[in-house]
There are 2 protein chains.
Amino acid sequence: MTETKPRRSGGRAARQEARSQKDESIKPYLERKLKPVEVIDEAGLAQIEDNAEIILSEVGIAFQEFPSALDLWRDAGADIDGDIVRFPKGLCRKIITDFAPASYIQQGRSLNRSVMIGGDATVFAPNYGSPFVTDLDSGRRYATLQDFQNVVKLTYQLPHLHHSGGTVVEPVDIPVNKRHLDMIYAHLRYSDKPLMGSVTAPIRAQDSIELCRIAFGGSLDDRTVLTSLINASSPLRWDATMLGAATVYARNNQACIMSPFILAGAMSPVTVAGLAAQALAEALSGMAYCQLVRKGAPVIFGTFASSMSMATGAPTFGTPEGAMATYVMAALARRLGVPFRSGGQLTSSKTPDAQAAYESAATLLPTMQAGVNFVLHAAGWLEGGLSLSYEKLIMDADQLGMMGVYASGVDMSENGQAMSALRTNPHGQHFLGNSHTLQNFEHAFYRSTIADNNSFEQWSEEGSPDAARRANSIWKQMLNDYEAPKIDEAVDEEMLEYIAIRKDSEPDEIG
Amino acid sequence: MTETKPRRSGGRAARQEARSQKDESIKPYLERKLKPVEVIDEAGLAQIEDNAEIILSEVGIAFQEFPSALDLWRDAGADIDGDIVRFPKGLCRKIITDFAPASYIQQGRSLNRSVMIGGDATVFAPNYGSPFVTDLDSGRRYATLQDFQNVVKLTYQLPHLHHSGGTVVEPVDIPVNKRHLDMIYAHLRYSDKPLMGSVTAPIRAQDSIELCRIAFGGSLDDRTVLTSLINASSPLRWDATMLGAATVYARNNQACIMSPFILAGAMSPVTVAGLAAQALAEALSGMAYCQLVRKGAPVIFGTFASSMSMATGAPTFGTPEGAMATYVMAALARRLGVPFRSGGQLTSSKTPDAQAAYESAATLLPTMQAGVNFVLHAAGWLEGGLSLSYEKLIMDADQLGMMGVYASGVDMSENGQAMSALRTNPHGQHFLGNSHTLQNFEHAFYRSTIADNNSFEQWSEEGSPDAARRANSIWKQMLNDYEAPKIDEAVDEEMLEYIAIRKDSEPDEIG
């Protein structure tokens, strides 16, 4: 890919260059040094695996209205009963361990943005799927393409979001059957971080791939540039839309997150061990299906699992039950040897308040400690996913930065042990002037962009802004300062031409 | 202790009885089933222990202006140089492992409120030491005795706060030398949960003990009814006030939390491993000192450790560095075989907003996962400890309830595995009507008192209250509903008489 000739003023180009260089120092993904937290023992995990095999072999999984999947499963030795597939014990697991990669690289449009998905890597992606946006100035409203582009631009600038995500919000001002084109274009044009493809119809998955072929320059057959979210219709069911999209992506060597979506009590039993057996069975069947489509196609074991209010049926987030499910599923994915997706910063709050933050933190810390590899909804999620909050996007992204420090654990080097300071510092005297402190203070602690650590008096003088108010100023400044990453003009024109032709080829569908 | 004759109307007594019975079902402390999270390996922990012994033997610890401690240390074989004590390697550790209990029971005034401190138990106590209080109605102001009593009454009613705490706020309207009497009385009269004693002078520690002798009925020599906070003047120093209080408590078989108070970079090196070696050395010297005063006196290994803004010097909370320190110190305490105090729900925010909640959650979850045994500041802490927030007290206490569920881990029983539901529930159909769901839904999930999980529309109709606003309604209702636990009238009179005599015996000191 050749670089575009600068059309801009020297000053602007220089600033862009400076930004680009600054970005070089930021890691494209988080590498965990801490061991994952385990909450049940080997015997418990093996029991859940046995239970999943019972589900797969006795109850089976529905592959609805998608005959080609049934054909593939019949050929692979499964039992077909209507659209229910029953799997000989161990079949799905063997297919996955034989063929699915333990980790893979998803390229970014700029190669230095490429992320590893799997192993000790954790990749944070923003909010996904919200029909609404909200901010402190304008309140809650339907999301538009402008909002979508704003979130892509903010994510591009937030260093601890490693991935541009997918449907960061639903641009409901664009016809249902055409908005995916504008969404994929926005990711490719306004960011250079890795992205997700459309899954709402096979042709939209194909469009996502075609646009990436243009943006990434040529065949994708030997590289993965899209990781896309394929939700199960839990319990124990994959539908034709999702299977159709998964088939397109797997055939083209693009990654699929095969992801049960479960509110315990509704889409699964209320208990964590019951939920886990079911989600494992569902994910096994989905990931194995992708291998039947194309051996070696990258897949992620996905789980979205939370609790619900048994009084009202409303979903609840940031709960201990959700955290336990994340730990258990992550351990099951490690035993299987595939990357794992779960968690995020989830909340049912309607506003970026204390509830939003407690619940988000109580989701994020277990997410990271469980060793989740791909984290959707890592920033901006509000109101059970119905809204993206501009302010929460900024606040959450700051928490992601802290996770990077957390996951790096304790420095036990000679400098980390600091005995030179401890042997020399007098009793009762502070360490601020100690040479060890002076040598280390610059990078000693994570510097929050959001936390106000000033005195009450200073904070009061500044108008007593709460965290959301401070975040409001930040995102507006960031959108003001935004400069797009470089792109080849010819590439940009080719994408726009493809989109125009595709938009002209169908009448608008209004959703 | 005999029970008071009911002086109240039958209705009120009956309600009190009902409340008392309801309380029977609440566990007096949290029992963790999850294994503690470890962030460094055995070799790393041993290295820190070696470093602490180097500090103890080569640099030493100052026992300032307290000659009797120097005498005890000289007799125990330490080297005395002015007020610096240098300890032969292993001396402090041997004294502690020979004599200090691995855990102890602290009795509550009602025996069913007694807590275990140590082992797999975690005890949550409220905020400590704030000169200010704040609430949404009246804003920030100096705390008064009325505020103190309010916090005691709220803590009494909050089931996940196991301990009444100590100086829950500073009642600055009462003379400095007399307020401890009113504080101890408030704990003993308005609550029956275990409490902490005064540490600001030896005579105030003695007063605390005398009032407990009255309230608990007789000698305390064979039981522990006070756990009190003895802060080191880090780095590497204990002062005469704290040593004086510790001496009184240890001599009377009452528990002391021997607690370095460290903002890394100021009171210790900036690195976690450096901080840990220093804090271990300080705590070892303090706990061993208590054993020299009385063999077997209960002690807690305490640590208050957080980071600071290297730009402004302001303390920072909820940071990854603070979490790492908690994990490491907890592991060191386990290896030593003594109970451990650290953590809480800490924040530098000035208002109960998202910052307050992110930072509190990012302190609390590591606190619980580290296996901390005694958690001060578990609810209400705001503004780096300068304020107690009435609203945050309520919100934090809800988070403590979740920790109880979290720490109980995953139910792997047959019911927990839920295979009866999974074998019978049809593909694609929800589990809400499944008999397994119906049998379990009542206790399936922790029910938050604060989270609003309703729809945006319903929440808007209710006036769009944020979490702090909802908490504001709750604490006012709780104070309105408060009924004091029973107390023998004669006991109450004896306490009041003791307090009157003691108050008359000294002129007021205005602080």
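The values are calculated or read from the model by the stated rules, or taken from the named source; none is laboratory data. Not measured: the values here are computed from a predicted model. Ideal geometry is used to build each Cβ from the backbone, glycine not excepted, and the neighbour counts take in all protein chains shown. With ligands, DNA and RNA removed, areas are computed over all heavy atoms of the protein, side chains included. Shrake-Rupley method; radii C 1.70, N 1.55, O 1.52, S 1.80 Å.
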Q | Charge dipole magnitude, Cβ of K and R +1, D and E -1 - region A:294-375, Cα centre, debye nearest 20 | A | 520 debye
Q) Straight-line reach from A:LYS295: which lysines have a Cα under 17 Å away, not including same-chain ones fewer than 8 places off? A) A:LYS94
Q | Helical mean residue ellipticity (222 nm; -39500 (n - 2.57) per DSSP H run of 4+; nearest 500) of chain B | A | -14000 deg cm²/dmol
Q | Residues of type lysines that A:LYS193 reaches as a straight line, Cα spacing below 22 Å, ignoring anything fewer than 8 places off in the same chain | A | A:LYS5, A:LYS22, A:LYS27, A:LYS153, A:LYS392, A:LYS476, A:LYS486
Q: Would you mind listing the distances between the A:GLU493 label point and the same position in each other copy? Use 7 Å along Cα-to-C-beta, nm, one decimal, shortest first.
A: 10.1
Q. Antiparallel DSSP bridges in chain A: what percent, to the nearest 5?
A. 45 percent
Q: Partner chain Cβ atoms within 10 Å, averaged over the residues of A:236-243 - can you pull that number for me?
A: 1
Q) A:LYS35: which aspartates and glutamates have alpha carbons under 13 Å from its alpha carbon, excluding same-chain residues fewer than 8 sequence positions away? A) A:ASP120, B:GLU38, B:ASP41
Q: Could you work out the mean count of beta carbons from other protein chains within 10 Å of each residue's beta carbon in B:442-452?
A: 6
Q: For B:GLY165, enumerate residues with amide H under 5 Å from its amide H, sequence gap 5+ or separate chain, H modeled in the peptide plane.
A: B:MET196
(Q) Can you sort B:ARG32, A:ARG447, B:ARG237, A:ARG335 by solvent-accessible area, 1.4 Å probe, largest first? (A) A:ARG447, A:ARG335, B:ARG237, B:ARG32
Q: Go through region B:477-485 residue by residue and turn each phi into a ³J(HN,Hα) via Karplus (6.51, -1.76, 1.60, θ = phi - 60°); whole Hz please, and just put x for glycine and proline.
A: 4, 5, 5, 5, 8, 4, 10, 5, x
Q: Evaluate the distance, in nm, between pseudo-label points positioned 7 Å from the Cα of A:GLN477 and of B:ASP41 along their respective Cα→Cβ axes.
A: 4.4 nm
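For the protein assembly as shown, with all protein chains present and a 1.4 Å probe, just round the carbon and sulfur fraction of the accessible area to a whole percent. Working shown, then result.
On the way: 17940 of 35390 Å².
That fraction is 51 percent.
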Q) How many nm separate the modelled label positions at A:GLN458 and A:ALA201, each set 7 Å beyond the Cα in the direction of the Cβ? A) 5.6 nm
Q. Using protein heavy atoms only (no ligands, DNA or RNA), what is the total accessible area buried between B and A, 1.4 Å probe, nearest 100 Å²?
A. 8700 Å²
Q. In whole Å, how far is the Cα centre of region A:390-457 from that of region A:325-362?
A. 26 Å
(Q) Please list 3J(HN,Hα) in residue order for region B:65-75, calculated via the Karplus relation 6.51 cos²θ - 1.76 cosθ + 1.60 where θ = phi - 60°; whole Hz, with x for glycine and proline. (A) 6, 9, x, 5, 5, 4, 4, 4, 5, 4, 5
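Based on the Cα gyration tensor of region B:387-446, what are the three equivalent ellipsoid semi-axes, each the root of five times an eigenvalue, rounded to whole Å and given largest first? Write out the running numbers ahead of the final one.
On the way: eigenvalues 236, 37, 13 Å².
For region B:387-446, the ellipsoid semi-axes come out as 34, 14, 8 Å.
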Q: Would you kindly derive the ³J(HN,Hα) couplings of region B:302-318 from the backbone phi angles with the Karplus curve 6.51 cos²θ - 1.76 cosθ + 1.60 (θ = phi - 60°), listing them in order in whole Hz, with x for Gly and Pro?
A: x, 8, 10, 9, 8, 9, 9, 6, 6, 7, 10, x, 6, x, 10, 9, x
Q | Contour excess over end-to-end distance, with Cα ends at A:GLU58 and A:ASP79 and 0.36 nm allotted per residue | A | 6.5 nm
